[in-house]
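Here the structure comes first, spelled out in structure tokens, and everything after it is commentary.
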Amino acid sequence: MAQETTAVKKKPTETRRRVDARTLFGRYGALIFLIALVVFFSLAKPNSFPTAFNLFNIMRQASIAGLVAIGMTFVILTGGIDLSVGSMVALSGIIAAAAYKGGTGLLDTAAGETSGVGVLGAILIACGVGLICGLIQGTLISRLNIPPFIVTLGGMTAFRGLTLIIGNGGPVSAFDPAFNYLGQERIGDLVPVPVILFLAVALIAYIVLRFTQYGRYVYAVGGNPEAARLSGLNTRFIILSVYMIVGLLAGLGGFVLASRLNSAEAIAGGGLELTVIAAVVIGGTSLSGGEGRISGTVLGILLVSVLTAGLTQLNVTSYIQQILIGFVIVFAVWFDRITRARRQ
């Protein structure tokens, strides 16, 4: 009898260890894959990939998509999706650039000629445009109960068309150094300013989700919207607010992108929604809502950027890169479903 009792006691411990191992892998999988990719590309390109300058360049490339991915994390945590983020980036950037140039001279490309709102005004306008786009879409989703996929798919097309109208199909470009500072400058000749901005926004978002009542409400709405509503939460406001957040950060990303390229392109942000959603899902945020972390999103966007940059240095064509990223997205979603099912 004593031996049987001992055997029975061991089973829960062994089961708990297996569950803990799956939980840990599900939580730190993005970090494990990121480290593995860095090691692999460092061995494949030892003279170019592992340098500090190259790694900071990869982080700079990740920063713009990373800003939008932070906002997308809020949306997906509530069980929603936003397919219009690329179009919002383009629309915000071109309106801010036109306002910075001043007047209606949207195609005025003379370098340094500025008679508009100034840098701070351009940033506020870009963020405001994104905020309005998010407000419109969030209202349609929260008030009219139209599925987020349909609303943001329509927004993706409508905002892109509006961008082409405002820019007359062409870019607004050739700005002065003040406009380009946020996208091009480095601190200490090494750390790009966009990286600092991205990490600062990520820290703020982490604090909001981790330590504030609003963050708990976001998780509650994503975990069980009906239970959250019955408990007295204003679920409509929470859903509206997350689309405004992603719109705000898409607007900021639009300005940073125009600043970095010294040009606001009507076609900017094409395919950005794929990269952003991939980063959020790879980072462990569940498409079903209610589960995810900002730290995971940061790791996810770094993983996608490292993968893209490493494959580029290995002379892998962009077509193959798209196939690989698509495969990674499908694998991440599959793995999320498996781990959730086993935990339940």
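Please list the radius of gyration and Dmax for the range 219-344, considering alpha-carbon atoms only, with Å as the unit.
Looking at the range 219-344, its Cα Rg and Dmax stand at 17.4, 55 Å.
Could you rank the peptides 250-262, 229-241, 122-134, 191-203 by their average count of other C-beta atoms within 10 Å per residue, with the highest value first?
So the peptides 250-262, 229-241, 122-134, 191-203, ranked by packing, come out 250-262, 122-134, 191-203, 229-241.
Just from its helices, what would the mean residue ellipticity at 222 nm be for the chain, if runs of 4 or more DSSP H residues each count -39500 (n - 2.57) and the sum is divided by every residue, rounded to the nearest 500 deg cm²/dmol?
Theoretical 222 nm ellipticity from helices: -26000 deg cm²/dmol.
Expressed as a rounded percentage, what relative contact order does the range 35-343 have, with Cα pairs under 8 Å and six or more residues apart?
RCO, the range 35-343: 33 percent.
Which number do you get for Rg(Cα) / (2.2 N^0.38 Å) in the chain?
1.09
With +1 assigned to the C-beta of every Lys and Arg and -1 to the C-beta of every Asp and Glu, and no other charges, what is the dipole magnitude of the range 35-343 about the Cα centre in debye, to the nearest 20?
Using Cβ point charges on Lys, Arg, Asp and Glu, the range 35-343 gives about 900 debye.
Quick check: the distance between the Cα centres of the range 192-265 and the range 71-91, to the nearest angstrom?
Cα centres, the range 192-265 to the range 71-91: 9 Å.
Enumerate the helices in the chain for which the Kyte-Doolittle hydropathy averages -0.5 or more and the C-alpha atoms extend at least 20 Å along the helix's axis, using complete DSSP H runs.
2-44, 52-77, 85-101, 118-144, 148-166, 193-211, 235-261, 294-313, 318-343
If you project the alpha carbons of the range 52-188 onto their three principal axes, what span does each projection cover, largest first, in Å?
Cα spread of the range 52-188 along its principal axes, largest to smallest: 47, 42, 23 Å.
Express the relative contact order of the range 202-266 as a whole percentage, based on alpha carbon pairs under 8 Å and six or more residues apart in sequence.
About 15 percent, as a whole number.
All of the numbers you see were taken from the coordinates with simple rules; none came from a lab. Worth saying up front: this structure is predicted, and the values here are computed from it rather than measured. Counting neighbours? That spans all protein chains shown, and the Cβs are built from the backbone with ideal geometry, glycine included.
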